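The values are calculated or read from the model by the stated rules, or taken from the named source; none is laboratory data. Predicted, not measured: the structure shown is a model, and the values here were computed from it. FYI the Cβ positions are ideal-geometry reconstructions off the backbone, even for glycines, and counts take in every protein chain you see.
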Amino acid sequence: MLTEAKNFITQMYSELNYDNQSLNERLTAISAEITDTGSYTHTYEELSYGAKMAWRNSNRCIGRFFWNTLTVQDARDVDDEDTFIASINHHINEATNNGKIKPFITIYHPEHPPKIFNNQLIRYAGYDDYGDPAEKQVTALAQQLGWQGNNTNFDVLPLIYAMPNQPVTYYEYPSEIIKEVAITHDQYPKLKSLALKWYAVPIISNMDLKIGGITYPTAPFNGWYMVNEIAVRNFTDSYRYNLLESVAEALEFDTLKNNSFNKDRTLVELNHAVYHSFKQAGVSIVDHHTASKQFSLFEQNEYQNKRDVTGKWSWLVPSLSPTLVSNYHHGYPNIMNDPNFHYKQQEKRGCPFH
């Protein structure tokens, strides 16, 4: 822990142009605290900057250009249920920001945090024949606890959690804090008949945040959506909503034969529908071309600051028209540098901030 703490503090103080005396004093204090207690406590500044660095180091995230805009809610003192629920509601409200999505993270105590069982704070339930298949396990847990959904394709799951040394329970969000966007198409009005919608803010809640040798097991965080994540992955992946054929029918494409290219047309029009529906609703979203250009700017900034850019190529190229963006044409070292977000054991998910 002391080695990791020294590496983190030294890098942070160097990036923030702090003098050597301040650095040495802080390292001495941390060393003494670890010797006495086996651990140490981050200052709010260290917690905040460490979380920002973790976003900057997230290999699967294309949105890292905005890493320094992250708002950090320090919830390490939360030790009762009411305060915990209030901090979660505050996160959702602040992150949603009336549609102008704000990158936000809430960080709970590293050693005795509340435990969140949801993959994201906001997610749709998955039943046997409808809803989101990726959420069947969490939905079953919610039902075992007594929750009953409306049995639709888009039932917002409750927050499932456990306070330290307390049983697992659930909390249903007030409907007014969950912003959702109805998906329509300005040129294909029949798409509306599918009654598609999606929630505004992807708040990841199943990853560990590691800063300077300290792991924060509960640290939900969010950026905003890139359109392909909803239109291509969530809506049309065969193991998710699997809507390609339904959308093609609503668009009145008469065949999905491979040589008709209607599969491709369906994806393009669905991306158009999702993007313009979010924009019409006043909710932040980014198209894949703009996101890729922003990532190129991030790369330039990192090189100017003499930092290597790491990444997982297969996650940094968009799932629609990947050859049209610059980062398709070169690779990245997939090296995990801390601070960073880490998958919990036996769990694999997508991009941390989307």
**Request:** Please give the number of the condition Thr106 fails out of (1) of a type in the set (Ser, Thr, Tyr); (2) surrounded by 17 or more Cβ atoms within 10 Å (Cβ to Cβ); (3) in a loop (DSSP other than H, G, I, E, B).
**Result:** (3)
**Prompt:** Going by the conditions given, is Ser22 within 29 Å of Asn301 (Cβ to Cβ) and either at pLDDT below 95 or exposed (fewer than 13 other Cβ atoms within 10 Å of the Cβ) (or both)?
**Reply:** yes
**Message:** I'd like to check something: does region 294-302 contain any residue that is under 17 Å from the mean Cα position of the chain (by Cα) and surrounded by 15 or more Cβ atoms within 10 Å (Cβ to Cβ)?
**Reply:** yes
**Message:** With the requirement that a residue be closer than 13 Å to Ala219 by Cβ and not in a loop (DSSP other than H, G, I, E, B), what does region 72-103 give you?
**Reply:** Val72, Gln73, Asp74, Ala75, Ser87, Ile88, His91
**Item:** Subset of region 275-333 (residues that are within 24 Å of Ala95 (Cα to Cα) and of a type in the set (Ser, Thr, Tyr))
**Value:** Tyr275, Ser277, Ser284, Thr290, Ser292
**Filter pass, Val309 being in contact with a strand residue (DSSP E or B) (Cβ under 8 Å, 6 or more places away or on another chain), in a loop (DSSP other than H, G, I, E, B) and either of a type outside the set (Phe, Trp, Tyr) or surrounded by 15 or more Cβ atoms within 10 Å (Cβ to Cβ) (or both)** = no
**Message:** Please determine whether any residue of region 329-345 is assigned to a helix (DSSP H, G or I) and surrounded by fewer than 18 Cβ atoms within 10 Å (Cβ to Cβ).
**Reply:** yes
**Prompt:** Out of Gln148, Gln120, Gln137, Gln143, which single residue is closer than 25 Å to Thr215 by Cβ and without any contact (Cβ under 8 Å) to a residue 12 or more places away in the chain?
**Reply:** Gln137
**Message:** Of all residues being assigned to a helix (DSSP H, G or I) and in contact with a helix residue (DSSP H, G or I) (Cβ under 7 Å, 6 or more places away or on another chain) in region 263-284, which is surrounded by the most Cβ atoms within 10 Å (Cβ to Cβ)? Just the residue, please.
**Reply:** Leu270
**Message:** Can you go through Thr83, Thr41 and tell me which one is β-branched (Val, Ile, Thr), surrounded by fewer than 16 Cβ atoms within 10 Å (Cβ to Cβ) and within 27 Å of Tyr171 (Cβ to Cβ)?
**Reply:** Thr83
**Request:** Could you check how many residues of region 139-157 are crowded, with 20+ Cβ neighbours inside 10 Å and either assigned to a loop (DSSP other than H, G, I, E, B) or in contact with a Lys or Arg (Cβ under 7 Å, 6 or more places away or on another chain) (or both)?
**Result:** 2
**Asked** What single numbered condition from (1) among the acidic types (Asp, Glu); (2) surrounded by 15 or more Cβ atoms within 10 Å (Cβ to Cβ); (3) at pLDDT below 95 fails to hold for Asp287?
**Response** (3)
